[in-house]
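Heads up, the thing below is written out as structure tokens.
Every number in this text was worked out from the coordinates using simple rules, so none of it is lab data. This is a predicted model, so every value here is computed, not measured. Here Cβ is always computed from backbone atoms with ideal geometry, including for glycine, and neighbour counts include all displayed protein chains.
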Amino acid sequence: RVRFTIDLRDIDLERRKDIEATLYPAIDHICEKHQVTSTIRVDTESEPRYCAEAIMDDMRKSAQEIFGQAVPELMSGPFHDAIAMSTVCDYGMIFVRCKDGISHNPKESAEFEDISKGAELLYQTVVKRVVE
């Protein structure tokens with residue numbers, strides 16, 4: 001018996017559905033080829049949530065002022081508190097660089113300098129939101 005999880009996420013819901021539509025037949029084909037069976041259980045199906053553009057704009061401006069350059073942006077896939085809050089208020093997220101890119105894991109580790117930069121970006125963004 002083998003158990004595994006497929007965590008399929010995408011910022012584009014239709015694209016994710018297209019991938020799902022090809023995934024299930026592929027699993028069936030593999031099972032048939034190897035004479036095994038499969039059971040698929042969908043645990044969670046949620047629509048993508050997006051950071052508020054106004055907050056992101058303030059983060060971009062703050063990052064430019066603090067660091068003198070644009071910083072990388074990424075879409076968050078994990079189920080952060082932001083998913084629950086997205087139905088109540090606008091939100092933005094700041095990610096801090098972690099050693100070896102490991103996050104949400106006991107091995108997660110971040111340098112003080114990176115944490116400090118994230119905190120400074122948060123502070124400056126909040127100041128922008130309050131003052132403007």
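Observations, loosely collected:
- Derived value for the chain: Kirkwood hydrodynamic radius 18.0 Å. Basis is the mean of 1/r over every pair of different alpha-carbon atoms.
- Here the stretch 13-85 is treated as a sphere whose radius is the Kirkwood value from Cα pairs; by Stokes-Einstein at 37 °C and 0.692 mPa s it diffuses with a coefficient of 203 µm²/s.
- With N counted as the residues of the stretch 1-48, its alpha-carbon radius of gyration over 2.2 N^0.38 Å works out to 1.28.
- Counting only alpha carbon atoms, the long axis of helix 112-131 and the longest principal axis of the chain meet at about 70°.
- Between residue 38 and residue 123, the modelled labels are 5.1 nm apart [label points 7 Å from Cα along Cα→Cβ].
- Given charges at Cβ of Lys, Arg, Asp, Glu: the chain dipole, positive-most of 70, 21, 51: 21
- Helical runs assigned H by DSSP (4 residues or longer) give the chain a calculated mean residue ellipticity at 222 nm of -15500 deg cm²/dmol, each run adding -39500 (n - 2.57) before division by the residue total.
- Radius, Kirkwood style, for the stretch 53-131 when every pair of distinct Cα atoms is counted (Å): 13.8 Å
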